[in-house]
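Encoded as structure tokens, the structure appears first; notes follow it.
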Amino acid sequence: MRKDVVLITGANGEIGHGLIAHLGERKNLSIVAMDVQPLDKTLEPYCERFIQGDILDTMLLGRLVAEFEIRTIFHLASILSTKAEYNPETAHRVNVEGTLNLLRLAVEQSQWQGRPVQFIYPSSIAAYGLAGAADKDKCGKVTEDECCNPITMYGCNKLYCEHLGQYYMLHYKQLAADHSSVHVDFRCLRFPGLISSVTIPTGGTSDYGPEMLHHAAQGIPYACFVRPDTRLPFMVMPDAIKSLLDLASAPRENLKQHVYNVTSFSPTAMEFYNRVKKAFPDSIITFEPDNARQSIVDTWPADIDDSAATRDWGWKPDYDEDRAFDEYLVPSIKARYQSA
Ligand code: SER
């Protein structure tokens, strides 16, 4: 029997690592992975093919269409919020044009196969834009449709691509003579800050959480770039992977919307610090807020309402804050650095 092919872009990234390691255990599918950098050695055994290349390279993507019958695309490649502010136009190209290229690939594959190809897209809390710290305290949990006025290039890119995905799903070439009835099956999650025990994020603005933990575990001093009272929603990687796979396997008719919030726990930076200090009492962590990065985090909600995901596809995180630290982060990060 021909195996279903899953295309994963941004294979070396945080989510890519977790997803490939998880899906690689399944015998009924083949993973075709893409990244601009050579594939991390630990991921090689799980991938049927690795393509080193740029999602802006349309010739390369064209060859993929011809070679594989792709059933699902996890489009994870992206330039995160802090890095994007140093070169916004490059970020726009990668985050928007790159996504457009992958959507185009998905639509071509859908039409060729005569059935919708799934397009799973991680968006972000960066799609929100509150008026600042005071507003954040007032507004509580925000739903998918509230306060979407992002102030970062990354946030603008994510919000726009949420719409682009819906366009490719519902209205692609709506006036053209060759308008087809087969379109992409676009499904999107808005993630909070993610924390993995295996990888450290690069270029994000929620990175103070994972950075604090990974520095402490290695005995490296860390200066946290936000104020102690800063609150953000977070989720650990196993739950992020679970949410992607649960959304992908949900019956289409149950999905009442195209974009779903998911979250798990919302500590302040001080509460995060207390957890890290308890696990690594000798760690040296200071608070040295960076005004510009703080201003970005102040526009992101302290908590998000993920009840639509619970209602439509039974979403529930496995890890609350206690379990996340006590059963996942602390033991696996300790094991990781002890054996390094
Ligand atoms: N982790 C992302 C960032 O900080 C937000 O989704 O850019």
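Has the stretch 162-179 got any residue that is within 16 Å of the ligand (Cβ to nearest atom) and touching a residue at least 60 places away in the same chain (Cβ under 8 Å)? Full working, then the answer.
If we filter the stretch 162-179 for residues that are within 16 Å of the ligand (Cβ to nearest atom), which is where we start, we get 162.
Narrowing the set further to residues that are touching a residue at least 60 places away in the same chain (Cβ under 8 Å) leaves 162.
Yes, the stretch 162-179 has at least one match.
Considering each residue of the stretch 255-304, count those that are in a loop (DSSP other than H, G, I, E, B), of a type in the set (S, T, N, Q) and over 25 Å from residue 241 (Cβ atoms), and give that number. Step through it out loud before you land on a result.
First, the residues of the stretch 255-304 that are in a loop (DSSP other than H, G, I, E, B): 255-258, 262-264, 266-267, 280-284, 288-290, 298-302.
Still in the running and of a type in the set (S, T, N, Q): 257, 263-264, 266, 283, 299.
Filter once more, keeping what is over 25 Å from residue 241 (Cβ atoms): 283, 299.
Looking only at that region, the number is 2.
For residue 72, only one of the following conditions fails: (1) away from the ligand (no atom under 16 Å from the Cβ); (2) surrounded by fewer than 17 Cβ atoms within 10 Å (Cβ to Cβ). What is its number?
Looking at each condition in turn, residue 72 falls short on (2).
Could you run through the stretch 118-146 and say how many residues are out of contact with any strand residue (DSSP E or B) (no Cβ under 6 Å at 6 or more places or on another chain), crowded, with 21+ Cβ neighbours inside 10 Å, at pLDDT 95 or above and farther than 13 Å from residue 157 by Cα?
1
With respect to residue 320, determine if the residue is touching a strand residue (DSSP E or B) at 6+ places or on another chain (Cβ under 7 Å) and surrounded by fewer than 16 Cβ atoms within 10 Å (Cβ to Cβ). Reasoning before the result, please.
Working: touching a strand residue (DSSP E or B) at 6+ places or on another chain (Cβ under 7 Å): yes; surrounded by fewer than 16 Cβ atoms within 10 Å (Cβ to Cβ): yes.
Yes.
Do you know which residues across the stretch 258-274 are among the aliphatic types (A, V, I, L, M) and surrounded by 20 or more Cβ atoms within 10 Å (Cβ to Cβ)?
Hits for the stretch 258-274 are 259, 262, 269.
Of all residues in the stretch 124-148, which are touching a residue at least 24 places away in the same chain (Cβ under 8 Å), outside any helix (DSSP H, G or I) and either within 16 Å of the ligand (Cβ to nearest atom) or of a type in the set (Phe, Trp, Tyr) (or both)?
Of the stretch 124-148, the ones touching a residue at least 24 places away in the same chain (Cβ under 8 Å) are 124-133, 136-137, 139-144, 147.
Filter once more, keeping what is outside any helix (DSSP H, G or I): 124, 128-132, 140-144, 147.
Listed by number, the residues that qualify are 124, 128, 129, 130, 142, 144, 147.
For residue 16, are the conditions met, namely being within 15 Å of the chain's Cα centre (by Cα) and either closer than 20 Å to residue 240 by Cα or assigned to a helix (DSSP H, G or I) (or both)?
Yes.
Only one of (1) without any contact (Cβ under 8 Å) to a residue 24 or more places away in the chain; (2) in a loop (DSSP other than H, G, I, E, B) is not met by residue 45, so which one is it?
Here residue 45 meets the rest and fails (2).
Out of the stretch 1-48, which residues are surrounded by fewer than 16 Cβ atoms within 10 Å (Cβ to Cβ) and either closer than 15 Å to residue 72 by Cβ or touching a helix residue (DSSP H, G or I) at 6+ places or on another chain (Cβ under 6 Å) (or both)?
Result: 2, 3, 4, 26, 28, 29, 48.
Checking the structure you have, find out if any residue of the stretch 91-101 is in contact (Cβ under 8 Å) with a residue 60 or more places away in the chain, within 13 Å of residue 7 (Cα to Cα) and in a helix (DSSP H, G or I).
No.
Go through the stretch 181-228 and count every residue that is more than 15 Å from the ligand (Cβ to nearest atom), of a type in the set (Ser, Thr, Tyr) and in contact (Cβ under 8 Å) with a residue 24 or more places away in the chain. So that I can check it myself, show each step before the final result.
Just the residues of the stretch 181-228 that are more than 15 Å from the ligand (Cβ to nearest atom), to begin with: 181-187, 197-198, 215-223, 227-228.
From what's left, of a type in the set (Ser, Thr, Tyr): 181, 197, 222.
Imposing the further condition that a residue be in contact (Cβ under 8 Å) with a residue 24 or more places away in the chain reduces the set to 197, 222.
Result for the stretch 181-228: 2.
Is it true that residue 106 is on the phi < 0 side of the Ramachandran plot, in a helix (DSSP H, G or I) and not polar (S, T, N, Q)?
Values: on the phi < 0 side of the Ramachandran plot: yes; in a helix (DSSP H, G or I): yes; not polar (S, T, N, Q): yes.
Against the criterion (on the phi < 0 side of the Ramachandran plot, in a helix (DSSP H, G or I) and not polar (S, T, N, Q)), residue 106 qualifies.
I need a count of the residues in the stretch 275-292 that are crowded, with 19+ Cβ neighbours inside 10 Å and of a type in the set (D, E, K, R).
1
Would you check if there is a residue in the stretch 45-55 being away from the ligand (no atom under 16 Å from the Cβ), among the aliphatic types (A, V, I, L, M) and over 17 Å from residue 123 (Cβ atoms)? Can you show your working first?
Here is the first cut: in the stretch 45-55, the residues away from the ligand (no atom under 16 Å from the Cβ) are 45-55.
If we keep only those that are among the aliphatic types (A, V, I, L, M) too, we end up with 51, 55.
Filter once more, keeping what is over 17 Å from residue 123 (Cβ atoms): 51.
Scanning the stretch 45-55 turns up at least one residue that is away from the ligand (no atom under 16 Å from the Cβ), among the aliphatic types (A, V, I, L, M) and over 17 Å from residue 123 (Cβ atoms).
Report whether or not residue 57 is at pLDDT 95 or above, surrounded by fewer than 16 Cβ atoms within 10 Å (Cβ to Cβ) and over 16 Å from the mean Cα position of the chain (by Cα).
Values: at pLDDT 95 or above: yes; surrounded by fewer than 16 Cβ atoms within 10 Å (Cβ to Cβ): yes; over 16 Å from the mean Cα position of the chain (by Cα): yes.
Here the answer is yes, as residue 57 does meet what is asked.
Residue by residue through the stretch 75-94, note down the ones that are within 11 Å of the ligand (Cβ to nearest atom) and under 17 Å from the mean Cα position of the chain (by Cα). It would help to see each step written out before you state the result.
Of the residues in the stretch 75-94, the ones within 11 Å of the ligand (Cβ to nearest atom) are 78-85, 91.
Across the stretch 75-94, the qualifying residues are 78, 79, 80, 81, 82, 83, 84, 91.
Among the listed residues 74, 68, which satisfies the condition of being more than 21 Å from residue 240 (Cα to Cα) and in contact (Cβ under 8 Å) with a residue 60 or more places away in the chain? Give the steps one after another, and end with the answer.
Values: 74 fails: more than 21 Å from residue 240 (Cα to Cα).
Result: 68 is the single residue among 74, 68 that is more than 21 Å from residue 240 (Cα to Cα) and in contact (Cβ under 8 Å) with a residue 60 or more places away in the chain.
The values are calculated or read from the model by the stated rules, or taken from the named source; none is laboratory data. Bear in mind the structure is a predicted one, so any value in this text is a computation, not a measurement. Counting neighbours? That spans all protein chains shown, and the Cβs are built from the backbone with ideal geometry, glycine included.
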